[in-house]
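Student: Here's a structure for you.
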Amino acid sequence: MNCEIAHERIVVAAYGELPDEQIHELERHMAGCPDCHTQREAMLALKVLADVHPVLEPTPNLIARSRLRLEEALDALPAKRWYERLGQRTMNNFASLQRSPLAACLLLVAGMGAGTMGGYEFSQGRVARSAAAAPPAASRQPQAQLPVSPAEVASISGIVRQPNSEMVEVSFDRLVPQQVQGSLDDPAIRQLLMLAVQNAASAGVRDDSVGLMAAECRAGHSCKPDGIRDALMVALRHDKDAGVREKALEGLESYVSEDVRVRDAVLEALLNDSDPLIRSEAINILEPVEADTSVRQVLSSVADSDQNPHIRTVSREVLSHVPEIQ
């Protein structure tokens, strides 16, 4: 007995369906084969684990549907040829023939002859099918070779089929990594930095971009409302990385007094940001405009109902220094 047959019988024996004579033969094999012995132990352990879980009985409807699908699948199978049936029968009876060398030799010779004839028939049929499926030589067209890998194709920009022909012309755009160098005052560099805030998949790239723009705004270098300032407000409101939002908040600090939109963005951060450090920093940034009505209302709401005790305390301290509006 070889190990492949032993592995099959180990599974059958684990469920008590292996005949007695084959069990004895399996035991003799495992006595001299440590690998098969280990395989049986693993199989028995798996069966014990499986028995721990309750067995769910299938519903009658599921059994009926499964039988119908099985019958349909069997009916759809093509009929086996004579040499295929002979080969299957040979494999099924191979184990029992091991104890009969003469019969095994005869069956081996017959199988070799059948295999030779079957292989010849199969090759002839394949050649015939290939010849029938191949188009005439005059109608064959040269195959197009993709000049780049599919990963470098950004999008398909056009498809044109030539009239009365199988030829198709496909236009596509390539993804080609490029680099641009320039100063922070360069409009092209600033535009790329603003794009990085919204489109960069890497949090590190967004962090670098927001950090550079925030530094420019703190230095007062052309931080216009319709440019970098807008990009920082987008990052403060929507970026998933707390470090990126914190840098955006620092860059907007200088404009909280003069730009109502910046003030509203900071108030939203105080109310909605998930990071307590950012919300605490937002309170400090709002101190120059603490007398503003909207700022007072938000601080009062936070001081009364915020879940964070530190945020409530800081908000009360800020409100205590603000004179009441008459």
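No lab work stands behind these numbers, since they all come straight from the coordinates. As the structure is a prediction and not an experimental result, all values here were calculated from the model. Cβ: placed from backbone, ideal geometry, glycine included. Neighbour counts: every protein chain shown.
Student: Which aspartates and glutamates, if any, have their Cα less than 13 Å from the Cα of Lys240, not counting same-chain residues under 8 positions apart?
Tutor: Excluding near neighbours in sequence, the set is Asp207, Asp273, Asp275.
Student: With θ set to phi - 60° and the Karplus curve 6.51 cos²θ - 1.76 cosθ + 1.60, what are the ³J(HN,Hα) couplings of the stretch 245-254 in order, to the nearest whole Hz, using x for Gly and Pro?
Tutor: After applying 6.51 cos²θ - 1.76 cosθ + 1.60, I find 5, 5, 5, 5, 5, 5, x, 8, 4, 5 Hz.
Student: Where in the stretch 188-292 are there trypsin sites (Lys or Arg not before Pro) that are in a DSSP coil and have at most 14 other Cβ atoms within 10 angstrom of their Cβ?
Tutor: Here the trypsin sites (Lys or Arg not before Pro) that fit, given the DSSP loop and packing criteria, are Lys240.
Student: What order do you get for Leu212, Leu44, Leu70 when you list them from fewest to most C-beta neighbours inside 10 Å?
Tutor: If I rank by nearby Cβ atoms, fewest first, I get Leu70, Leu44, Leu212.
Student: Turning to a different aspect of this structure: At most 10 other Cβ atoms within 10 Å and a DSSP loop assignment: could you name the GluC sites (Glu not before Pro) in the stretch 210-277 that fit?
Tutor: The qualifying sites are Glu258.
Student: In the neighborhood of Ala13, defined by Cβ-to-Cβ distances under 14 Å, what is the net charge if each Lys or Arg adds +1 and each Asp or Glu adds -1? Write down the numbers at each step before the final one.
Tutor: Details: positive: Arg9, Arg28, Arg40, Lys47; negative: Glu8, Glu17, Asp20, Glu21, Glu25, Glu27, Glu41.
After counting each charged neighbour, the total is -3.
Student: If R0 is 22 Å, what FRET efficiency do you get for Ser202 and Ser274 from their C-beta distance, rounded to 0.05?
Tutor: E(calc), rounded to 0.05, equals 0.60.
Student: Here's something else I'd like to know. Describe numerically, in nm with one decimal, the distance between label points set 7 Å from Cα along Cα→Cβ at Ala242 and at Val160.
Tutor: 5.6
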